[in-house]
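Encoded as structure tokens, the structure appears first; notes follow it.
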Amino acid sequence: MANTVLIGAQWGDEGKGKVIDVLSNKVDIVARFQGGNNAGHTVKIGDEKYVLHLVPSGILHKGKKCIIGNGLVVDPIGLLSEMDELKEKGIDCKGRLFISDRATLVCPYHKALDAFRESGRGRKIGTTKRGIGPAYGDKIIRTALRMGDMLDKSFAKELGARIDCANAQLKAGGAQLLNKASIIKEYTKAAKRLAPYITDTITILNNAERKGKSILFEGAQGTMLDIDFGTYPYVTSSNATSGGACTGTGVPPNRIDQVIGVIKCYTTRVGEGPFPTELLDATGEQLRTEGGEFGATTGRPRRCGWFDAVVARYSAMISGVDYWAMTKLDVLDNQKTIKVCVAYQCDGKRLDTIPASSAMLARCKPIYKSIAGWNTSTKEVTRYKDLPPKAKKYVEYLCKITGVKLGILSVGAKRESTLRIAL
Ligand code: GDP
Ligand code: IMO
Ligand code: MG
């Protein structure tokens with residue numbers, strides 16, 4: 001397969017883990033390019049369920065190399081426990097996982113500050129409390145430690161100075177202080193364990209690419225959570241759109257061949273922020289129950305709503321999506337009528353694009369087109385032509401109004417429940 005960037009086209013949890021897993025056997029390397037362990041990518045293989053937070057989903061395919069790119073923020077304790085869990089299930093990361101020495105280190109004070117800000121008087125984002133915002137904040141203001149710093153003899157001293165600084169802030173806010181000695185001990189131990197994995201992933205990726213190896217760039221979160229393009233400030237702190245693949249790995253744009261957008265046949269969102277097609281009624285509850293819409297990282301119930309074509313078109317435009325990987329069609333099997341938002345009505349005007357202001361987006365009312373449901377199970381379907389005609393009509397309508405071709409259609413969580421159309 002050509003070098004491919006895969007992104008989430010909504011508010012995350014579109015089924016990226018499943019699609020990455022399905023595509024992994026066609027590539028040599030899977031490289032995550034942004035985010036941290038705020039992500040939860042679920043892969044179901046037979047009766048086994050894997051939830052990956054930092055390790056690329058390609059790890060589940062024997063022999064594939066996996067990269068944690070420079071664009072990530074890495075919680076070393078979280079990463080080690082993920083690697084340990086994988087090992088218990090028979091998957092050894094040794095020799096297969098490569099962590100960028102330029103990736104940003106997430107420290108306990110980032111998590112403490114994240115939790116503190118969420119509980120404070122300020123604006124609540126509904127974060128995963130994994131320290132993502134404060135860690136990216138430190139990167140941007142140039143006070144962060146990076147994974148490569150863990151290997152230097154100055155690490156304990158540098159970490160200690162930052163803990164002192166964070167404790168001064170926590171003290172001023174009346175929050176509980178961090179135990180400096182125990183953090184330094186835990187982190188120096190983690191540094192020893194991670195040392196064999198920390199390396200120059202930029203050179204690994206570019207050398208492999210020059211030798212003709214193919215790379216699948218794994219995005220986390222989704223367009224509407226992107227720090228620049230999402231529903232700011234109700235977003236995460238990284239570029240989840242396709243541009244992030246280059247800045248988050250060091251592979252240049254002219255080496256990228258195609259972009260796949262993963263998109264649910266309806267919409268979900270976790271955390272605070274505007275969501276025009278949200279259903280606060282029994283239909284929303286039905287989508288949540290039938291779609292198993294509970295956070296893979298925090299277990300929070302996901303907010304559910306109809307497909308939003310304004311969001312989809314915006315995502316396709318920003319990331320240059322060539323193909324949709326549409327997921328969870330089966331979750332709509334029991335709907336008599338399905339609605340699709342084609343535009344918004346806002347302050348007396350029709351809007352066809354996403355406004356920059358979250359306050360304005362919160363005032364947007366969806367303009368819906370109603371489509372007849374198929375009321376038949378699609379869960380066992382393995383060929384596109386065997387889908388109920390009304391289901392095909394729905395999928396084809398979504399492609400038409402978003403102007404993107406269908407690459408993959410998913411009708412269930414398992415590998416087998418995947419209809420490969422053009423990919
Ligand atoms: P990600 O963050 O984009 O990787 O998505 P998550 O793993 O957080 O959430 C997607 C959920 O939907 C997971 O529980 C998947 O196992 C499940 N899933 C993926 N594709 C399908 C599908 O086509 N149908 C159904 N019913 N479940 C799916
Ligand atoms: P995957 O990769 C869904 C949301 C949080 C919150 C906002 C900011 O599984 O699709 P953060 O902890 O990043 O500072 O939280 O972003 N969020 C996600 N929502 N899927 C994710 O990842 C998410 N990662 C972060 O709920 O609203
Ligand atoms: Mg997820």
*Among I141, T128, L113, flag the residue with its Cα farthest along the positive direction of the charge dipole of the range 104-194, charges on Cβ as +1 for Lys/Arg and -1 for Asp/Glu.*
T128
*Sum -39500 (n - 2.57) across every DSSP H segment of at least 4 residues in the chain, then divide by the residue count to get the 222 nm mean residue ellipticity, nearest 500.*
-9500 deg cm²/dmol
*Kindly identify the range 104-194 as rounded, prolate or oblate by the Cα gyration tensor criterion: order the square roots of the eigenvalues as a ≥ b ≥ c, call it rounded if a/c is under 1.5, otherwise compare a/b with b/c, prolate if a/b is larger, else oblate.*
prolate
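Please compare each pair in K87/K189; K16/K379; K62/K185; K189/K414; K62/K390 to a cut-off of 27 Å on the Cα-Cα distance and tell me which ones are over it. Please list the in-between numbers first.
On the way: K87/K189 19 Å; K16/K379 19 Å; K62/K185 34 Å; K189/K414 37 Å; K62/K390 39 Å.
In this structure, K62/K185; K189/K414; K62/K390 exceed 27 Å between Cα atoms.
In units of 2.2 N^0.38 Å, what is the alpha-carbon radius of gyration of the range 130-276?
Numbers: Rg = 19.0 Å, N = 147, 2.2 N^0.38 = 14.7 Å.
Rg over 2.2 N^0.38 Å, computed on Cα atoms: 1.30.
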*Which lysines, on any chain, are close to K349 with Cα under 26 Å apart, when same-chain ones fewer than 8 places away are left out?*
K339, K365, K369, K400
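Please label the shape of the range 377-423 as rounded, prolate or oblate, based on the square roots a ≥ b ≥ c of the eigenvalues of the alpha-carbon gyration tensor (a/c under 1.5 means rounded; beyond that, a/b larger than b/c means prolate, else oblate). Kindly include the intermediate steps, with their values, before the conclusion.
Working: a/c = 2.17, a/b = 1.40, b/c = 1.56.
It comes out oblate by the Cα gyration axes.
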_In order through the range 244-258: 3J(HN,Hα) via Karplus (6.51 cos²θ - 1.76 cosθ + 1.60), integer Hz, x for Gly, Pro_ = x, 5, 6, 5, x, 9, x, 9, x, x, 6, 9, 8, 9, 7
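Based on the mean of other beta carbon atoms within 10 Å per residue, what is the order of 185-192, 59-66, most packed first? Numbers along the way, then the final one.
Details: 185-192: 15.0, 59-66: 18.2.
Descending packing order for the listed peptides: 59-66, 185-192.
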*Arrange the following residues from fewest to most other Cβ atoms within 10 Å of their Cβ: H53, H110.*
H53, H110
*asked:* Nothing charged except the Cβ atoms of Lys and Arg (+1) and of Asp and Glu (-1): what's the magnitude of the dipole of the range 110-152 about its Cα centre? Round to the nearest 20 debye.
replied: 300
*Student exercise, the chain dipole from Lys, Arg, Asp, Glu Cβ charges, in Debye to nearest 20*: 140
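At a 10 Å Cβ-Cβ cut-off, how would you order L419, L178, fewest neighbours first? Display every interim value, and only then the final one.
Working: L419 20, L178 17.
The most exposed by this proxy come first: L178, L419.
Two decimals is fine: what's Rg over Rh for the range 1-114, C-alpha atoms, Kirkwood radius as Rh? Walk me through the numbers before you get to the answer.
Values: Rg = 13.7 Å, Rh = 14.5 Å.
My calculation puts Rg/Rh at 0.94.
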*State the Cα centre-to-centre distance between the range 364-389 and the range 159-182 in whole Å.*
53
_5 Å is the cut-off here: which amide hydrogens, built 1.01 Å from N in the peptide plane, fall below it relative to K405, excluding neighbours closer than 5 in sequence?_
W324
_Pairs of alpha carbons in the chain whose separation is greater than 34 Å (percent)_ = 30
*asked:* Report the Cα centroid-to-centroid distance between the range 201-223 and the range 27-61 in angstrom, as an integer.
replied: 15
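Exceeding 28 Å between C-alpha atoms, which entries from my cross-link table qualify? They are K153/K211; K64/K192; K18/K129; K18/K89.
Details: K153/K211 35 Å; K64/K192 24 Å; K18/K129 25 Å; K18/K89 18 Å.
Flagged as over cut-off: K153/K211.
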*Rank I67, I198, I132 by mean-square fluctuation in a GNM of the chain with C-alpha springs under 10 angstrom and give only the top-ranked residue.*
I198
_Burial ordering of D138, D92, fewest other beta-carbon atoms within 10 Å first_ = D92, D138
*Based only on the alpha carbon positions, what is the Kirkwood hydrodynamic radius of the range 264-420, in angstrom?*
16.2
_Three-way shape call for the range 305-378 based on the alpha-carbon gyration tensor, with the a/c threshold at 1.5_ = oblate
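Bear in mind that the values in this text are calculations on the coordinates, not laboratory data. If you're wondering where the values come from, they're calculated on a predicted model, not measured in any experiment. For neighbour counting, all protein chains shown are included, and Cβ atoms are generated from backbone atoms with ideal geometry for every residue, glycine included.
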